[in-house]
1. Determine which single condition A:E50 fails, assuming it passes every other condition in (1) surrounded by 17 or more Cβ atoms within 10 Å (Cβ to Cβ); (2) outside any strand (DSSP E or B).
2. Scan segment A:77-102 residue by residue and report those that are more than 8 Å from every other protein chain (Cβ to nearest Cβ), among the charged types (D, E, K, R) and either under 19 Å from B:L424 (Cβ atoms) or part of a helix (DSSP H, G or I) (or both).
3. Taking segment C:120-170 as the search range and keeping residues that are over 21 Å from the mean Cα position of the chain (by Cα) and of a type in the set (K, R), which one is farthest from B:A232 (Cα to Cα)?
4. Given the options B:Y82, B:Y4, name the one that is within 13 Å of chain A (Cβ to nearest Cβ) and either under 22 Å from the mean Cα position of the chain (by Cα) or surrounded by fewer than 17 Cβ atoms within 10 Å (Cβ to Cβ) (or both).
5. From B:P303, B:P283, grab the single residue that is within 14 Å of another protein chain (Cβ to nearest Cβ), surrounded by fewer than 17 Cβ atoms within 10 Å (Cβ to Cβ) and more than 21 Å from B:Y60 (Cβ to Cβ).
6. Before we move on, is B:F19 buried (at least 20 other Cβ atoms within 10 Å of the Cβ), farther than 17 Å from B:Y421 by Cα and modelled with pLDDT of 95 or more?
7. Of C:A81, C:A124, which residue is aliphatic (A, V, I, L, M), within 10 Å of chain B (Cβ to nearest Cβ) and buried (at least 20 other Cβ atoms within 10 Å of the Cβ)?
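The values are calculated or read from the model by the stated rules, or taken from the named source; none is laboratory data. The structure displayed is predicted, hence computed values, not measured ones. Neighbour counts are summed over all protein chains in view; Cβ atoms, including those assigned to glycine, are modelled from backbone coordinates with ideal geometry.
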Amino acid sequence: MAQHSAKGARFQAVTANRLTDGEVVYFTDAGHWSLSFSEAAIADGAEAAEALLAGAMPADFEAHVLDPYLFEVLQDAQTGYQPASVRETIRAKGPTIRLDLGKQAIAS
Amino acid sequence: MYRYDEFDHQLVAERVEQFRGQVARRVAGEITEDAFKPLRLMNGVYLQLHAYMLRVAIPYGTLSSKQMRMLAHLAREYDRGYGHFTTRQNIQYNWPALDRIPDLLQELASVEMHAIQTSGNCIRNVTSDQYAGAIADEVEDPRIISEIIRQWSTFHPEFSYLPRKFKIAVTGHKNDRAAIKLHDIGIVIVKNAAGEIGYEVHVGGGQGRTPFIAKKMSDFVPAAQLLAYLEAVMRVYNMLGRRDNSYKARIKILVHETGEEEMRRLVEAEFAKIDASQMLTVPQEEIDRIAAYFAPPALQELPAASASLDAARASDTAFDHWVTTNVVSHVKPGYGIVNISLKPIGGIPGDASDAQMDVIADLAETYAQDEVRVTHEQNLVLPHVKLDDLKTVYDTLLAHGLATPNLGMISDTIACPGLDYCNLANARSIPLAQEISNRFADLDRQYDIGELKIKISGCINACGHHHVGHIGILGVDKKGTEFYQISLGGSADENASLGDITGRAFTEDDIVDAIENLVASYVDLRQGGERFIDTYRRVGMQPFKERLYAE
Amino acid sequence: MQSNRQLIKDGTLAENLWLYLEDDAALSDTASIVSLQRLEDEADTLRARNAPLGVILRAGEKQGEDVRRLAPFLDMIQLVAIEFPVYRNGRGFSSARILREELKFDGEIRATGEVLFDQWQPMARCGINAFEVDASISLDQFNQAMGEFSQAYQPASDARRGLLWQRHGK
């Protein structure tokens, strides 16, 4: 998979896809999976990121989601946190060519 | 068209039940994702960026109107109102929920369709010429042997866990519309001096990271022995193909590393043993049984010209253009082959809505002998339409955004789903296709440019066939940002060739200007009636490159 | 055979009477499965020995061992174990068919390694008649998997002729 690498990133979040329908989900501070990137827990630094990922993968995680992983997010003065890569931006919003589909459709 | 007998029905039904059990075991937590993944992949279920994706097989690209209506129904009921026709003549649904896929497959089975072997390291859907049975000068309808190959390869006990995926394409015509030389096995139907039909077999073509044009392994394999020959190729590959590196696991690498001569010797030795056993010699009765399903439809005896068509063309310029670009001569006088472009200006290549699929199904039923074809260039075909009916068909297509007169033109782009959907992609493909299409929206300009095949892939796996585009575009990822590399001079037809990379890649902002620049070079350089590819083959890379990278 | 495994042979639970023998382990009178290399190196000794002999075809890194190397020794072996290192590696399906159909081997062909539920039936079609399966698998589950498909389109090493022939009584 392309654009997964988060090496050297300061801020990271954990994402996965939901088992039953494949929906993109984010691991939250409350220890749940959310459909919205805005609710994602943000880890500051490599150690916090590893801890966040470990928290997202208890023994039974596969009953709910597929393949949790870390990805880089950037801090933006205006909009708060945003995914760093095009790939994760598209996952967080939906296809750039169909604004009526994916999470962006629900948001608008 | 082929119709299932009781055994075909039973096997597909058993497969649906098998998959239903697999999904139930996964959702109930009885099997891990590691164990489930190969099972879902064997049935065409991928996990993409936003959701699961299901790939449904359309054997050799042939559909009945009933099947097309089912595809529309599935798009409505299980997806978000559309489907995506692919370069492998299949359809993909982008949003089905995993726990509903068994029900979807059960509905699909009711119209004799399935998702069997649309993924995994097995023999995939056999692809063929979209004009099969409708075009003049065909040696034999390629769907006959394609159906025999489909059956032989379905649940093949020996070849379901090959080193890598395996694709077979068949053409029955000297003009290759199935890109057979870019397949693991490409078959050309030929006639020998005695007038007997046989098969010329090419092995080891493919695209991806390391593209190769297939090597001709045999000039003539008799019809009854083709399965024995194919089994020999498969066995040599399964025994000797590399399993240590998935990038070197396709048969093209085996042929390349073994050498053409040695590969031929190995295949012939294996073939001799299998053939001697007679166990794969296909009975003539079975060839005849399957051939009967592909007998030419009962078309009327009509004059070659249609007065009503001529009148309509004279009074409607847009219609006239559409007939010129999108309608191809039929073997039967008074009929035409209608190409339905799924490349509206600025649209998404290969996508069709549920409503559009229903409209096409209705047209096929009323005007085209109940048949629809899918092309590897992501368009659809109504294979048998009376010239007298063309205007009516056109008007309906036009009303549903399906009458873009751009077949083979610069806006008739192949594009993979790219980073908008695909888990493997490095860059987006569809937005580029849309921008190019919008830039060259003016049809007169497209007609002046003439045939120009642009093919766009969002990663090195080359699902968008960029290696064989007259202009190929490959998306690459540089630290999370998209870049696009251009190649020139590729071709997927009977004179197949691989494109040459021009040089450094372009940004998203620059790439359409770069394409415009290449087109301008061609227009300046062309002589007589040369197409882009002809000019490139005559003058080579240098003049294009100089202008492309001029400061 | 690993301790968490059980043997299903010819459709029924069976006691495993065979020992996998390391290359440097001494030969004994126990039924033993040796490596292909050892079979070739010590053929005379093995032939003189008075106990059942089997051989394992290893999957190797790049390419598995060639089943046709067994040709000179078929008269002295009663079992061939085929290693399936991961479910994806289906090379052993061809090895089994070559053993049955070309080399006419009629002893036990045993699948060992990572084999998935849905692979048993195609393996059986290729001539494999013994399976080392996870101890948690019941015979009922095994038989259910073996009956998932009631028809086959193509012939292989089993009795099924293939629908392309069967439709015409061939």
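1. Status for A:E50: all satisfied but (1).
2. Here is the first cut: in segment A:77-102, the residues more than 8 Å from every other protein chain (Cβ to nearest Cβ) are A:77-83, A:88-89, A:92-93, A:99-100.
From what is left, the residues that are among the charged types (D, E, K, R) are A:88, A:93, A:100.
Listed by number, the residues that qualify are A:E88, A:K93.
3. Per the criteria, the residue is C:R167.
4. Details: B:Y4 fails: within 13 Å of chain A (Cβ to nearest Cβ).
Unique residue meeting the criteria: B:Y82.
5. Numbers: B:P303 fails: within 14 Å of another protein chain (Cβ to nearest Cβ).
Only one candidate passes the filter, namely B:P283.
6. On the way: buried (at least 20 other Cβ atoms within 10 Å of the Cβ): yes; farther than 17 Å from B:Y421 by Cα: yes; modelled with pLDDT of 95 or more: yes.
In short, yes.
7. Numbers: C:A81 fails: within 10 Å of chain B (Cβ to nearest Cβ).
Answer to the selection: C:A124.
Results for (1) surrounded by fewer than 18 Cβ atoms within 10 Å (Cβ to Cβ); (2) assigned to a helix (DSSP H, G or I); (3) modelled with pLDDT of 95 or more; (4) polar (S, T, N, Q), shown as yes or no for each residue.
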position	(1), (2), (3), (4)
C:E132	no, no, yes, no
C:Q154	no, no, yes, yes
C:S157	no, no, yes, yes
C:R161	yes, no, no, no
C:W165	no, yes, yes, no
